[in-house]
Amino acid sequence: MVPLEQSRAPLDDGESMSTEGGMKAVVAALLANLGIAVSKFVAFFFTGSSSMLSEAIHSVADSGNQILLLIGNKRSKKAADARHNFGYGRRRFVYGFIVSIVLFLVGGVFSLYEGLHKIQHPEKLEDAWIAFLVLIVAIILEGFSFRTAIKEANHVRGKRSFPRFLRDARQPELPVILLEDAGALVGLVIALFGVTMAVVTGDGRWDGVGAISIGLLLVVIAIFLSMEMSAMLVGESALPEEVEAIRVALESSDGVLRVIHLRTVHTGPDELLVAAKIAVAHSATGAEIAQDIDDAEVKLRAAVPSAKYVFLEPDIDRSTGPS
């Protein structure tokens, strides 16, 4: 048998996801984007820059994203009932999916349209210094928001790289905010480039090129996020280290000879359903088996606190077949 302390080791690196950290990053991004959106619209009004308009719509879309994520988090906390026995935690996945499909694609398609229009009907930029000022300030503010998202992600990603973290995340908020802020920073740099080239060359088509590039960036982010959110909606299993911690915790419990079958699925970002068939001794009585199951469940929950729903089925260990 493996000691309980070892069974808990895989989760001690802070690799379990943090809803609180995700919400903090969402609020920070919302506050930054609301201010940035207003400044970009003001800059567009004075300059007529398509890149500025695309960036303004981008910031509005980002603000809408954060509002939707906050609403999804609030609605997911509704208590389980007769119709939804496992609660409403997956609502956060639904709202994350809406963010990826509707708002990102709307922002992306609008930017593509605006860019094509500007290339076909180029116009000289007016008061370009306003655009430069707003873009530089926006880059600074987005940088602070991105830093907050990275800081919160570092608390929970453990030793994973950021690409791996984005793929492994079971909570939608941090991946959305990380990609959103990264996309915003890249988009601002693109807009700055487009405006600069339009001023230097006197060719307004460069402004349209910037808008198209921003649109393509948003569409790529939307496609990636939609794939990740759809995987969450379908139902993802526990992370590999959580599965191993569950298995070790069960097999370290007195009376459990081995785990025959183990299945896990997220009923919400922070809630796991665990179903396992465990092998017990031939000679064990009904009372002994019941006590063994209770003890195993206690160890399992200690090793993986997110295991909210646990179903253990005892069976006689008839063979050494696949587990």
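No value in this document is a laboratory result; all are computed from the given coordinates. Since the model is a prediction, treat every value here as computed from it, not as a measurement. When we count neighbours, we look across all protein chains shown, and the Cβ atoms used for this are built from the backbone with ideal geometry, even at glycine.
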* To do: On each of the three principal axes of the Cα atoms of the range 96-224, give max minus min coordinate, whole Å, ordered largest first.
  => 49, 27, 19
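Arranged from highest to lowest average of other beta-carbon atoms within 10 Å per residue, in what order do the peptides 114-123, 210-219 appear? Walk me through the numbers on the way to the answer.
Details: 114-123: 17.1, 210-219: 24.4.
So the peptides 114-123, 210-219, ranked by packing, come out 210-219, 114-123.
Would you mind checking 40/74; 277/299; 40/124; 74/308; 24/74; 74/299 for any pair whose Cα atoms are more than 21 angstrom apart?
Working: 40/74 30 Å; 277/299 16 Å; 40/124 18 Å; 74/308 19 Å; 24/74 14 Å; 74/299 31 Å.
Among 40/74; 277/299; 40/124; 74/308; 24/74; 74/299, the Cα-Cα distance tops 21 Å for 40/74; 74/299.
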* **Degrees between helix 173-201 axis and first principal axis of the chain (Cα, 0 to 90, nearest 10)** => 20
* To do: Tell me the label-point distance for the pair residue 155, residue 123, using the 7 Å Cα-to-Cβ offset, in nm and rounded to one decimal.
  => 4.6
* Structure fact -> Rounded to the nearest 10, the angle in degrees between the Cα long axis of helix 286-303 and the longest principal axis of the Cα atoms of the chain comes to 30
* Could you work out the relative contact order of the range 192-323, using alpha carbon pairs under 8 angstrom and six or more residues apart, expressed as a whole percent? => 21
* Could you give the nm distance between label points at residue 282 and residue 189, where each point is 7 Å from its Cα heading toward the beta carbon? -> 6.8
* To do: Rounding to the nearest 20 debye, state how big the charge dipole of the chain is about its Cα centre with +1 on each Lys and Arg Cβ and -1 on each Asp and Glu Cβ.
  => 520
* Considering Cα pairs under 8 angstrom that are at least six residues apart, work out the relative contact order of the range 238-316 and quote it in whole percent. => 36
* **Paired Rg and Dmax values of the chain, which use every Cα atom, in angstrom** => 25.2, 89
* Base-10 log of normalised Debye intensity for the range 174-261 (one unit scatterer per alpha-carbon) at q = 0.14, 0.19 Å⁻¹ -> -0.68, -0.89
* Under 16 Å Cα to Cα from residue 151, which aspartates and glutamates show up? Leave out anything in the same chain fewer than 8 places away. => 13, 15, 20, 142, 173, 180, 181
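Suppose a student asked you for the relative contact order of the range 10-234, using Cα pairs under 8 Å spaced at least 6 residues apart; what percent would you report? Provide the component values of the computation, followed by the final result.
Numbers: 357 pairs, mean separation 77.0, N = 225.
Once normalised by length, the contact order is 34 percent.
Show that you can apply the helix-only estimate: for the chain, add -39,500 (n - 2.57) for every DSSP H stretch of four or more residues, divide by all residues, and state [θ] at 222 nm to the nearest 500.
After summing the helix terms and dividing by the residues of the chain, the value is -22000 deg cm²/dmol.
Compute the Rg/Rh shape ratio of the range 238-316: radius of gyration over Kirkwood radius, all on alpha-carbon atoms. Intermediate values should be presented prior to the final figure.
On the way: Rg = 12.0 Å, Rh = 12.4 Å.
For the range 238-316, the value is 0.97.
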